[in-house]
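Here's the structure we're looking at; comments come further down.
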Amino acid sequence: MKSLLGNPVLQFLIGRLIGSYMLFVGVTTHWTKVNQEAIEPFWRPDGGKLIGCIWHGRFSLIHKNWSFRRGVPKAKMLISQSREGGIVAHTSRTVGAEVIRGSAGKARKRSKGGVEAMFSMARHIENGGVIAMTPDGPRGPRMRVKRGPIVLAKIAEAPLVAVTWSTSHRIVFKKSWDHFVLPLPFGRGALIWGNPIAPPSPNASDEEIETVRLALEAEMNRIAAEADRLVGVRVIEPAPTNGMSRMAPEEAASAK
């Protein structure tokens, strides 16, 4: 199975199939939109720098939180270099997003393109692009922000915006670490955007970075719970904080 998933042709086909399904769910769901005015200024050609953040378990419909009209800054997703990441990359391209490949390696192992990915993301933002990240990826804890997006926001001097969605028709994979949400078509949905959070100052201390990290985490969990309540489904809770460790600076580029 692993060798099959590593086949580029199979990755392309599976990614296209999943992406097409997500587009289908998106157009067959009746959406309620909350606080869209917070994101609309960033949809202008001169909208400015931005890092959008969504929980790993809700990655599948993130394209509904962005606009792909002509003139809107291009959005790129950070995707890991794993076999599964190859499928996710094709899925992202199918729904309209471009990708940057890279993730941090496990402790005491070499980084898997993490440093290169960090600089690629910073350059993309500086050139007027937008980056989308999953701050609790790639391995959790669920719905707990790591330092990666905060460090990137500091480097690129870009605000952070929490985004989320929920649907009334869904399957939640509770045995997965992220409680992955598979949306189903023909239901009610909620799209919510948080208010922009200012990045740490260029010379920010660890304390300031931690303050921004906690603010982003609180906002992401607030709107995720609000989205679930709006469509009448059970709220997905974040993982307990006991035993949670901060992300080391050298791991900062990992978000998917």
Worksheet item: Inside region 74-93, can you point out the residues that are surrounded by fewer than 22 Cβ atoms within 10 Å (Cβ to Cβ) and within 22 Å of L50 (Cα to Cα)?
Response: K74, K76, R93
Worksheet item: Is it the case that A122 is among the small types (G, A, S), out of contact with any His (no Cβ under 7 Å at 6 or more places or on another chain) and at pLDDT 85 or above?
Response: yes
Discussion item. I'd like to know if region 155-167 contains one or more residues that are buried (at least 18 other Cβ atoms within 10 Å of the Cβ), within 16 Å of V233 (Cβ to Cβ) and aromatic (F, W, Y).
Written reply: yes
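So which of P202, P185, P196 ends up being at negative phi and at pLDDT below 95?
Unique residue meeting the criteria: P202.
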Item to complete: Name the one entry in A97, A104, A75, A89 that is out of contact with any helix residue (DSSP H, G or I) (no Cβ under 8 Å at 6 or more places or on another chain) and either at pLDDT 90 or above or not basic (K, R) (or both).
Response: A75
Item to complete: Need at least 3 residues that are under 18 Å from E84 (Cα atoms) per element, so show me which strands (runs of 3 or more DSSP E) inside region 113-184 make the cut, counting only ones lying wholly within it.
Response: 180-183
Discussion item. For a quick check of your reading of the model, give me the residue pairs whose first member lies in region 127-144 and is among the polar types (S, T, N, Q), whose second is surrounded by 24 or more Cβ atoms within 10 Å (Cβ to Cβ) and at pLDDT below 90, with beta-carbon atoms closer than 6 Å and at least 6 apart or on different chains.
Written reply: T134/A255; T134/K256
Item to complete: Keeping to region 184-241, report how many residues are of a type in the set (D, E), surrounded by 13 or more Cβ atoms within 10 Å (Cβ to Cβ) and over 20 Å from the mean Cα position of the chain (by Cα).
Response: 1
Worksheet item: Got a sec? Which of G57, G15, G47 is small (G, A, S), outside any helix (DSSP H, G or I) and at negative phi?
Response: G47
Discussion item. Go through region 199-216 and report how many residues are out of contact with any strand residue (DSSP E or B) (no Cβ under 8 Å at 6 or more places or on another chain), in contact (Cβ under 8 Å) with a residue 12 or more places away in the chain and not in a helix (DSSP H, G or I).
Written reply: 4
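The values are calculated or read from the model by the stated rules, or taken from the named source; none is laboratory data. Predicted model only: the values in this text are computed from it and were never measured. Because the Cβ atoms are built from the backbone with ideal geometry, glycine has one as well, and the counts that use them run over all protein chains shown.
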